[in-house]
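Asks: Before I ask anything, let me first share the structure, which is written out below as structure tokens.
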Amino acid sequence: TVIWTIIDLFSKQAHFVPCKKLPSATQLATLFIKHIYRLHGAPQRIISDRGVQFTAKFWRSFLELIGTKQGLSSAYHPCTNGAAERANAMVGRYLRAYANSQHRDWVDFIPFAEYAYN
């Protein structure tokens, strides 16, 4: 399981979306509509890393369709997407505190970690 971290750079509000595996561009679009668009509408701009799902033609077309501009962080420089990197570190700490000693149930605590972060 992986966590897709979405940060509003204005409010600093975070959303942590659990995914069973690294999602494709098509799956990302579905998750985006389900978890982000329904709450906030289309953002003016999205900054992401250069993962294949974010550079895929489908994802670029999806963003164009909803009127969102895309920015990509610099390769091998995670500091260009620092807000998400800090959020990832914090959610990791929260989940280690909440999960059982074997850390097998951490995905169940993502909503609690998101609340604590925000």
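The values are calculated or read from the model by the stated rules, or taken from the named source; none is laboratory data. The model shown is predicted, which means the values in this text are computed figures rather than measured ones. Glycine gets a Cβ as well: all are built from the backbone with ideal geometry, and neighbour counts include every protein chain shown.
Conditions tested, residue by residue: (1) part of a helix (DSSP H, G or I); (2) farther than 14 Å from V17 by Cα; (3) out of contact with any strand residue (DSSP E or B) (no Cβ under 6 Å at 6 or more places or on another chain).
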| position | (1), (2), (3) |
| --- | --- |
| A83 | yes, yes, no |
| N88 | yes, no, no |
| R96 | yes, yes, yes |
| D108 | yes, no, yes |
| Y115 | yes, no, yes |
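Asks: Against the definition (without any contact (Cβ under 8 Å) to a residue 12 or more places away in the chain and hydrophobic (A, V, I, L, M, F, W, C)), how does F16 come out, yes or no?
Replies: Answer is no for this residue.
Asks: Restricting the stretch 1-11 to residues that are within 13 Å of the chain's Cα centre (by Cα) and more than 19 Å from L95 (Cβ to Cβ), which is modelled with the lowest pLDDT?
Replies: L9
Asks: Right, something else. Please indicate, with yes or no, whether at least one residue in the stretch 63-72 is touching a residue at least 40 places away in the same chain (Cβ under 8 Å), touching a strand residue (DSSP E or B) at 6+ places or on another chain (Cβ under 8 Å) and exposed (fewer than 15 other Cβ atoms within 10 Å of the Cβ).
Replies: The answer is no, given that none of the residues of the stretch 63-72 is touching a residue at least 40 places away in the same chain (Cβ under 8 Å), touching a strand residue (DSSP E or B) at 6+ places or on another chain (Cβ under 8 Å) and exposed (fewer than 15 other Cβ atoms within 10 Å of the Cβ).
Asks: If you don't mind, another one. What is the number of the single condition among (1) modelled with pLDDT of 95 or more; (2) surrounded by 14 or more Cβ atoms within 10 Å (Cβ to Cβ) that I33 does not meet?
Replies: Among (1) modelled with pLDDT of 95 or more; (2) surrounded by 14 or more Cβ atoms within 10 Å (Cβ to Cβ), I33 violates only (2).
Asks: Just to verify a result, which residue in the stretch 79-91, among those that are free of Cβ contacts under 8 Å to residues at least 12 places away in the same chain and in contact with a helix residue (DSSP H, G or I) (Cβ under 9 Å, 6 or more places away or on another chain), is surrounded by the most Cβ atoms within 10 Å (Cβ to Cβ)?
Replies: E85
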